[in-house]
Amino acid sequence: VKPMTPRCTVPKAVPVGKSASLHCHENEGFPKSTYSWYRNSEPLPPDTKSNAKPHNSSYTLNPATGTLVFHAVHKGDTGRYSCIATNDAGFAKCEEQEMEV
């Protein structure tokens with residue numbers, strides 16, 4: 001069963017240096033969906049260490065739960081975030097939401 005549009009929760013504004021949690025979830029897909037996050041339409045790699053781009057963001061992305069946690073946000077984390085739920089039957093994307101740092 002193809003995933004339905006996931007529910008995404010993105011904080012509107014986060015002070016610099018604070019942590020921020022973004023959530024993405026849907027219940028209809030079978031087998032269970034895995035989740036990927038995008039900032040300004042660019043995919044966020046699940047593992048910050050393997051990112052080739054110089055990127056000083058520290059976050060944890062759990063593809064199984066759809067949770068994206070920034071440990072200490074900085075100005076560069078400002079942007080439009082969206083999430084895609086994917087399984088064998090297809091994928092669905094939530095609306096982009098702005099997060100201001």
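Points to keep in mind about this one:
- Solvent accessible area, Å² - TYR35, 1.4 Å probe, full protein context: 10
- Taking PRO46, PRO15, PRO63 as the candidate residues, the one with maximal mean-square fluctuation in a Gaussian network model of the chain, Cα springs under 10 Å, is PRO15.
- Dimensions (Å) - the chain, Cα atoms, principal axes, largest first: 40, 28, 19
- Cβ-based net charge around GLY17, under 15 Å, with every Lys or Arg adding one and every Asp or Glu removing one: 0
- Tally of Lys pairs whose C-alpha atoms are under 20 Å apart, taken over the chain, 8 or more apart or cross-chain: 8
- Alpha carbon Rg of the range 55-101, scaled by the compact-globule rule 2.2 N^0.38 Å: 1.31
- Counted residue by residue at 0.36 nm each, then reduced by the alpha carbon distance between them, the extension gain from VAL69 to SER41 reaches 8.3 nm.
- Local electrostatic count at GLY79 - Lys and Arg +1, Asp and Glu -1, tallied over other residues with Cβ under 13 Å: -1
The values are calculated or read from the model by the stated rules, or taken from the named source; none is laboratory data. Just so you know, these numbers come straight off a predicted model, no measurement behind them. Using ideal geometry, Cβ is built from the backbone for each residue, glycine included, and neighbour counts are taken over all protein chains shown. With ligands, DNA and RNA removed, areas are computed over all heavy atoms of the protein, side chains included. Shrake-Rupley method; radii C 1.70, N 1.55, O 1.52, S 1.80 Å.
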